[in-house]
Structure formats: C-alpha cells, structure tokens
Amino acid sequence: MPTYTAQALVLHRRSLGEHDRILTLFTKEHGKISAVAKGSQRTTSRLVGATEPFTHVRLLLATARSLDIITQCEIVNAYPALRTDIERLSRAAYICDLLDAFSHPHDASSSEAVFELTCAALFLLTQPSAWLDSIIYAYDIRLLEILGYAPALEYCAHCGEPLQEPPFGFSPAAGGALCARCRHTSLDVFPLPADTLIALQTLRTAPPEALLHYLPPKTVVSSIERALRSFIRFRAERPLHTVEFLDSLRIARN
Ligand SMILES: [Zn+2]
C-alpha cells in the first residue's frame, strides 16, 4: 500500500463499527481528508488521544481503495488548555466546524495558509485575552479571505469605491459593506455603523498581540456579530451547529 505523511488538525470523528473511527482531518499538505483510525475506540489504543477534535497530529497514512488508513501518529499539540474551559473549548469547536463547512475534500490549493491560520487561532485561544471572540471573528474574516469568500470591508461590495463617508450598509448577498450611495441596492441590507466597519477592518488585519488586547464597546460587539453571522450563514452550505452552542453559553452568562 502506498503511504504519505501529513500534518493535520482533527476536525471531527465518528464511530466505525465497534472499534474504529473515521476522522475528518484538515491537513497542511492535502486539504481536508477523511481517514480511518483503526482500533481507536479501544481504551488501550495508541490513537485514542490523537482522535480528539482540534488535536494537531503528524501522521503516516496508507492509501486504501475507499478510505485511507492512519498507520502512525504523533501528537504535536493537544491544546490541553482548551479542554478544561468551556468558553475556550466551544470556540475551538466552532473553528473546526467553520473550517469543515468551508473546505472541500482534497482541495490543497490554499491548505498550507489555512492550516497555519487555524493553528495560530487555536494557540491564541489558549492565551489570556480581553475578548475571546476577537479571535474567532478575526478567524472568520481571515479564513474567508484565504478561501476567496471574504466580505468587502475596505471597498464597497457593489461599486468598488473605497468606504470613506458613512452611512454604510452591510449586505451578505451583495458581498459585504456598501457605501452610502449603494446601500439601498440590496434587499438584505442593514445599517453598518462606522465604528463597526473600523472594528471589522481591525479584526481583519491586527497582529496577534493586538487581537488579544482588543475590546470594542458592547454596541460594536453586537453589530460585528450581526454582520459576520449573517455573512457566514449566507455563504455556508450547511448550518453551523456550534454557533447555537456558543449562543446558549452567552445566554447563560448574561
Ligand atoms: Zn458603492
């Protein structure tokens, strides 16, 4: 059987029979793949820890007729700090869900950049931060940008002019922010306050250290959320179940 190596993040797993699991992996080299982790449901298996969602692993895989098989595995980072805190855990799960929803199997065209971005986001989630959601909103924008689905945030999604003079609008169907002249051209448009546009631009470009210290006012937080949620809902081919879980945590907190 031919073999190949890969660095991967575990996106999710499901049972295969009594002892095995099928893992959905995002690999640096080959994009999203599925592979069998034989015996990984046995408590004594070497693969047990390596099948946990968002674990970073280094793999040797054997090519098989249907699903490839994991033959060797080494854990690079299990992100233990994310597993003992429900706020961090739920956001790491969201990152995996979003990546799974927006990536196509065996599309390696931007897999290295996506892999690096995702590892960086998971690492930032382990760090003390002023506003944990800055990491997932920055991830939303940057992942979509790499994959070619970015919302327009610097130039009007309709006419392409720089977004300079408010009032601005936001339309998922039009592709992002709209200038004052174009903000009535789309049926699903809603107002985008100027400070929210600046916040979205900050989330798009801020370096890691700045993201960890970033805390916009509450009104801006809710309109960032509205813009990105609606945009992702419009673009994703399936609903993101982890969003409901994040919402239920928010409700419980308030
Ligand atoms: Zn315009």
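The values are calculated or read from the model by the stated rules, or taken from the named source; none is laboratory data. Being a predicted model, the structure only gives us computed values, none of them experimental. Cβ placement follows ideal geometry from the backbone for every residue including glycine, while neighbour counts extend to all protein chains displayed. Side chains included, ligands, DNA and RNA excluded: accessible areas come from the protein's heavy atoms. Shrake-Rupley method; radii C 1.70, N 1.55, O 1.52, S 1.80 Å.
Do we find a residue being within 16 Å of the ligand (Cβ to nearest atom) and open to solvent by 60 Å² or more (accessible area, probe 1.4 Å) anywhere in the range 170-182?
Yes, the range 170-182 has at least one match.
Test I224 against the criterion of being assigned to a helix (DSSP H, G or I), assigned by TED's automatic domain parsing to the domain that holds Y155 and open to solvent by 70 Å² or more (accessible area, probe 1.4 Å), and give yes or no. Walk me through it before giving the result.
Values: assigned to a helix (DSSP H, G or I): yes; assigned by TED's automatic domain parsing to the domain that holds Y155: yes; open to solvent by 70 Å² or more (accessible area, probe 1.4 Å): no.
Spelling it out, it is not the case that I224 is assigned to a helix (DSSP H, G or I), assigned by TED's automatic domain parsing to the domain that holds Y155 and open to solvent by 70 Å² or more (accessible area, probe 1.4 Å).
Could you tell me whether the range 136-146 includes any residue that is in contact (Cβ under 8 Å) with a residue 40 or more places away in the chain, open to solvent by 40 Å² or more (accessible area, probe 1.4 Å) and closer than 19 Å to R235 by Cα?
Yes, because at least one residue in the range 136-146 is in contact (Cβ under 8 Å) with a residue 40 or more places away in the chain, open to solvent by 40 Å² or more (accessible area, probe 1.4 Å) and closer than 19 Å to R235 by Cα.
What number of residues in the range 30-44 are without any contact (Cβ under 8 Å) to a residue 60 or more places away in the chain, in a loop (DSSP other than H, G, I, E, B) and touching a strand residue (DSSP E or B) at 6+ places or on another chain (Cβ under 8 Å)? I'd like the intermediate steps shown before the answer.
If we filter the range 30-44 for residues that are without any contact (Cβ under 8 Å) to a residue 60 or more places away in the chain, which is where we start, we get 35-44.
With the extra rule that they be in a loop (DSSP other than H, G, I, E, B), the set shrinks to 38-44.
From what's left, touching a strand residue (DSSP E or B) at 6+ places or on another chain (Cβ under 8 Å): 38-41.
Selection size over the range 30-44: 4.
Of (1) open to solvent by 70 Å² or more (accessible area, probe 1.4 Å); (2) under 25 Å from T126 (Cβ atoms); (3) not in a helix (DSSP H, G or I), P239 satisfies all except one. Which?
(2)
Give the range 147-163 a look and list any residue that's near the ligand (Cβ under 9 Å from one of its atoms), assigned to a loop (DSSP other than H, G, I, E, B) and open to solvent by 50 Å² or more (accessible area, probe 1.4 Å), or say none. Explain how you work it out, then say what you get.
First pass over the range 147-163, keeping only residues near the ligand (Cβ under 9 Å from one of its atoms): 155-161, 163.
Cutting the leftovers down to assigned to a loop (DSSP other than H, G, I, E, B) gives us 156-161, 163.
Across the range 147-163, the qualifying residues are H158, C159, E161.
Does T185 meet the test of being open to solvent by 40 Å² or more (accessible area, probe 1.4 Å), among the hydroxyl-bearing types (S, T, Y) and within 16 Å of the ligand (Cβ to nearest atom)?
Values: open to solvent by 40 Å² or more (accessible area, probe 1.4 Å): yes; among the hydroxyl-bearing types (S, T, Y): yes; within 16 Å of the ligand (Cβ to nearest atom): yes.
Answer is yes for this residue.
Taking the range 188-207 as the region of interest, how many residues are away from the ligand (no atom under 16 Å from the Cβ), within 14 Å of Y137 (Cβ to Cβ) and in contact (Cβ under 8 Å) with a residue 12 or more places away in the chain?
8
Which residue pairs have Cβ atoms closer than 8 Å, lie 6 or more positions apart in sequence or on different chains, and pair a first residue in the range 94-109 that is under 11 Å from G31 (Cβ atoms) with a second residue that is assigned to a helix (DSSP H, G or I)?
L99/V114; L99/T118; L99/L143; S103/V114; S103/L147
Check whether at least one residue in the range 121-132 is surrounded by fewer than 22 Cβ atoms within 10 Å (Cβ to Cβ), outside any loop (DSSP other than H, G, I, E, B) and more than 16 Å from the ligand (Cβ to nearest atom), and report yes or no. Quick ask: steps written out before the conclusion?
From the range 121-132, those surrounded by fewer than 22 Cβ atoms within 10 Å (Cβ to Cβ) are 123-124, 126-132; that's our starting set.
Cutting the leftovers down to outside any loop (DSSP other than H, G, I, E, B) gives us 123-124.
After this cut, where a residue has to be more than 16 Å from the ligand (Cβ to nearest atom) as well, the list is 123-124.
Yes; the residues of the range 121-132 include at least one that is surrounded by fewer than 22 Cβ atoms within 10 Å (Cβ to Cβ), outside any loop (DSSP other than H, G, I, E, B) and more than 16 Å from the ligand (Cβ to nearest atom).
What is the residue count in the range 209-221 for residues that are touching a residue at least 60 places away in the same chain (Cβ under 8 Å) and open to solvent by less than 80 Å² (accessible area, probe 1.4 Å)?
Here is the first cut: in the range 209-221, the residues touching a residue at least 60 places away in the same chain (Cβ under 8 Å) are 211-216, 221.
Next, from what is left, pick out any that are open to solvent by less than 80 Å² (accessible area, probe 1.4 Å): 211-212, 214, 216, 221.
Result for the range 209-221: 5.
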